[in-house]
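For reference, the structure discussed in these notes is given below.
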Amino acid sequence: MRQSLSENPVAPTAATAGRRSAGYAVLVAVALSVVLAVAAIVDQASGHTLSDHANAVYASSGKQPSASLLYGLVYAVATVNALLWLFVLRVARSRRRSAAVLAVIVAAVTAGLAVLLLVSSEYDARIFPPLWGVLAILPAVPGILATGLLLRPGFRAGSVARRR
């Protein structure tokens with residue numbers, strides 16, 4: 001007797017599971033980029049730790065730092081990170097072979113922007129407290145995981161044999 005295709009349950013393949021896991025990892029990277037922006041919004045609205053730190057750094061030289069410029073840099077890093085990871089998500093969902101290469105590039109850019117926040121200094125003092133660099137580098141961690149998942153052999157479209 002023949003069964004209808006709708007009656008035959010099909011288990012997800014390894015490629016489908018890997019693609020889904022990579023998508024979740026990229027979504028976590030996007031969420032961590034948003035966390036950086038939200039932390040900056042909260043700090044700018046109430047805590048002022050970034051502007052207080054900058055005031056202390058520039059006090060010895062008699063300069064007045066621009067708090068809006070500092071927060072703007074943090075917002076720019078968060079926005080660039082989120083947009084880049086959303087682009088990786090789109091490319092990964094389209095099953096293109098370039099998704100893994102793009103994920104490596106975006107992870108490097110994300111880490112590079114975070115390192116810039118960590119090491120930027122003036123008057124022999126760090127401009128940003130280490131917390132901001134750590135928050136900025138967090139999206140690279142799930143991004144590297146997503147890269148590993150995208151590099152798995154079963155991810156590429158057409159590499160999985162069809163069953164008949």
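Which of the residues belonging to segment 132-143 are surrounded by 14 or more Cβ atoms within 10 Å (Cβ to Cβ) and modelled with pLDDT of 90 or more?
First, the residues of segment 132-143 that are surrounded by 14 or more Cβ atoms within 10 Å (Cβ to Cβ): 132-133, 135-143.
Across segment 132-143, the qualifying residues are LEU135, ALA136, ILE137, LEU138, PRO139, ALA140, VAL141, PRO142.
Could you give every pair whose Cβ atoms fall below 8 Å, whose first residue belongs to segment 87-106 and is on the phi > 0 side of the Ramachandran plot, and whose second residue is assigned to a loop (DSSP other than H, G, I, E, B) and exposed (fewer than 13 other Cβ atoms within 10 Å of the Cβ), counting only separations of at least 6 or pairs across chains?
Filtered contacts from segment 87-106: ARG95/ALA157.
Go through segment 64-86 and count every residue that is part of a loop (DSSP other than H, G, I, E, B) and free of Cβ contacts under 8 Å to residues at least 12 places away in the same chain. Full working, then the answer.
Going through segment 64-86, the residues part of a loop (DSSP other than H, G, I, E, B) turn out to be 64-66.
Within this subset, residues satisfying the condition of being free of Cβ contacts under 8 Å to residues at least 12 places away in the same chain are 64, 66.
Total satisfying the criteria: 2.
Note down all Cβ pairs under 8 Å where the first residue falls in segment 128-143 and is under 19 Å from ASP52 (Cα atoms), the second is β-branched (Val, Ile, Thr) and buried (at least 21 other Cβ atoms within 10 Å of the Cβ), and they're at least six residues apart or on different chains.
Every condition considered, the pairs that remain are PHE128/VAL74; TRP132/VAL74.
Of all residues in segment 121-155, how many are farther than 30 Å from ARG20 by Cβ and either touching a Leu at 6+ places or on another chain (Cβ under 9 Å) or part of a helix (DSSP H, G or I) (or both)? Give the steps one after another, and end with the answer.
We begin by selecting, within segment 121-155, every residue farther than 30 Å from ARG20 by Cβ; these are 121-133.
Next, only the ones that are either touching a Leu at 6+ places or on another chain (Cβ under 9 Å) or part of a helix (DSSP H, G or I) (or both) stay: 126-133.
The qualifying residues number 8.
Out of all the residues in segment 105-125, which are modelled with pLDDT of 90 or more, over 23 Å from LEU150 (Cα atoms) and either among the small types (Gly, Ala, Ser) or touching a Gly at 6+ places or on another chain (Cβ under 6 Å) (or both)?
ALA114
When you go through ARG93, ARG126 one by one, which is the residue that is under 20 Å from LEU36 (Cα atoms) and among the charged types (D, E, K, R)?
Working: ARG93 fails: under 20 Å from LEU36 (Cα atoms).
One residue alone meets the criteria, ARG126.
The values are calculated or read from the model by the stated rules, or taken from the named source; none is laboratory data. Note that the structure is a prediction, hence the values are computed from the model and not measured. Using ideal geometry, Cβ is built from the backbone for each residue, glycine included, and neighbour counts are taken over all protein chains shown.
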